[in-house]
Amino acid sequence: MIPKEKVEAIVSKHTALEKELSSGNIEPKNFAEKSKEYADLGNIIKTAISFLNFDKQKKDLENIINDKHSDK
């Protein structure tokens, strides 16, 4: 299983590239390289976000199950 931190880093990198590319303040020689990296990450970003959401939902459900003050 991939560590959660690595998935979070992928999502952060994708977000940073998106902001950088949309800012218009990128050197033309770097634009193609960054665009390719952004596109490559775009292929897996939905899966990465789903993974992070699943992990959060799992923890939330475990907290509800283990809550001693909730109804049975």
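Here, each number is a calculation from the coordinates, and none is a lab measurement. On a predicted model such as this, the values are computed, not experimentally measured, just so you know. With ideal geometry, Cβ positions are generated from the backbone for all residues, glycine too; neighbour counts draw on all protein chains shown.
Report the full-extension gain for the segment Ile65 to Ile26: residue separation times 0.36 nm, less the Cα-Cα distance, to one decimal in nm. Before the final figure, lay out each step's value.
Numbers: separation 39, 0.36 × 39 = 14.04 nm, distance 4.89 nm.
So the chain would gain 9.1 nm between Ile65 and Ile26.
Taking Cα atoms, how many degrees apart are the long axis of helix 45-66 and the longest axis of the chain, rounded to 10 and kept between 0 and 90?
Helix 45-66 sits roughly 20 degrees off the main axis of the chain.
Round to the nearest 10 and give me the degree value, 0 to 90, for the angle of helix 28-42's Cα axis relative to the longest principal axis of the chain.
Between helix and principal axis, roughly 30 degrees.
Over 23 Å between C-alpha atoms is what I'm after, so list which of Lys4/Lys68; Lys36/Lys56; Lys4/Lys58 land there. Could the numbers behind the result be given before it?
On the way: Lys4/Lys68 28 Å; Lys36/Lys56 30 Å; Lys4/Lys58 13 Å.
The answer is Lys4/Lys68; Lys36/Lys56.
In whole Å, how far is the Cα centre of segment 18-41 from that of segment 50-72?
Cα centres, segment 18-41 to segment 50-72: 38 Å.
Using just the Cα positions, wrap segment 1-51 in a convex hull and report its mean projected area in square nanometres, one decimal place. Walk me through the numbers on the way to the answer.
Details: hull surface 14.3 nm².
Approximately 3.6 nm², given one-decimal rounding.
Normalised by the residues of the chain, what does the relative contact order come to in percent, with Cα pairs under 8 Å and at least six apart?
On the way: 23 pairs, mean separation 28.2, N = 72.
Normalised by residue count, the contact order of the chain is 39 percent.
Treating only the Cβ of Lys, Arg, Asp and Glu as charged (+1, +1, -1, -1), what charge dipole size does the chain show about its Cα centre? Round to the nearest 20 debye. Write out the running numbers ahead of the final one.
On the way: 13 positive and 13 negative charges, 23 e Å.
Using Cβ point charges on Lys, Arg, Asp and Glu, the chain gives about 120 debye.
Choose one of Val11, Leu52, Asn63: the residue whose Cα lies farthest towards the positive end of the charge dipole of the chain (beta-carbon charges +1 Lys, Arg; -1 Asp, Glu; about the Cα centre).
Asn63
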